[in-house]
Amino acid sequence: MLKDVMFLIVVFLANIVQGITGFAGTVLAMPPGIFLQGIDAAKMVLNILGILASLWIVFVSYKSINWDEVKKIIFFMIIGAALGMKLFTMLPLEFLLKIYAIFIILIALKGIFIKGEVKTPEWILIVVIILAGVIHGMFVSGGPLIMIYVAKKLKSKSSFRATLAVVWIVLNSYLAFSHYNQGFFTSENIKLLYLSILPFSLGMLIGNALHHKMSQASFLKISYILLSVSGIALIAK
């Protein structure tokens, strides 16, 4: 019972972040979610909540969507996601969790300490999209990597958030179908999903309001700090 309550608190806090940025909620929630509920339950519940969060953002910000970038990102991320799901079934879970933890720590450190624009060839940006798909296929957490690409292409924070929301709807629906086939939609996991709807909704309401009032740069810095803490906790597990 205590673990369920703690998980719901994680969902609430993560979706405040998701409402503001459009990308960081699941990657923040996944490490503590794995601790509290196990990998299968965390992936299934957080993936469905990710779809709902993205539908919410698209509904309130549909005019800000960059459809050309949506099509490009989805094409390459689906390739990566298919590879990521395959790797997840082939490699040991403990090994994957350590790699995942190191990945989110490195992304967090980059966000905290590396400032300014770095000129990047287009082919490297394509590789970044594919790698984001690989991470998303394994842990429903490709947001930090795809942020590197989107931040270079879209300068408006509303376009940034709305465009990513469409991407997550498509990719997470693809993952949800895979999770269903893998048997993740158990009665216990569905019950946990239902319990998560209220804290999810409250978090998104607060996050959406803050999106229009606070500096995205300031909140991203906080998100990166939380990411690094989550990654360190996962390594120490």
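Computed extension gain for SER187 through VAL127, at 0.36 nm per residue and net of the alpha carbon distance, reaches 17.8 nm.
Close amide H partners of GLY22, meaning residues 5 or more places away or on another chain with modelled amide H under 5 Å apart, do not exist here. What the phi angles of the range 141-155 give under the Karplus curve with 6.51, -1.76 and 1.60, with θ = phi - 60°, is a coupling list of 9, x, x, x, 6, 5, 4, 4, 5, 5, 4, 7, 9, 10, 8 Hz, glycine and proline written as x. Remark: VAL128, VAL140 ranked as VAL128, VAL140, counting other beta-carbon atoms within 10 Å and listing the fewest first.
In this simple spin-label approximation, LEU198 and ALA151 carry label points 7 Å from Cα along the Cα→Cβ vector, and these lie 3.7 nm apart. Projected over all directions and averaged, the alpha-carbon convex hull of the range 2-236 occupies 11.7 nm².
Taking every DSSP helix (H) stretch of at least 4 residues in the chain, weighting each as -39,500 (n - 2.57) and dividing the sum by the residue count yields a mean residue ellipticity at 222 nm of -29000 deg cm²/dmol.
Any read-out appearing in this document is the output of simple, stated calculations on the displayed coordinates, not a laboratory observation. Note that this is a predicted model, so its numbers are computed, not measured. Quick reminder, even Gly has a Cβ in these numbers, built from the backbone with ideal geometry, and neighbours come from all protein chains shown.
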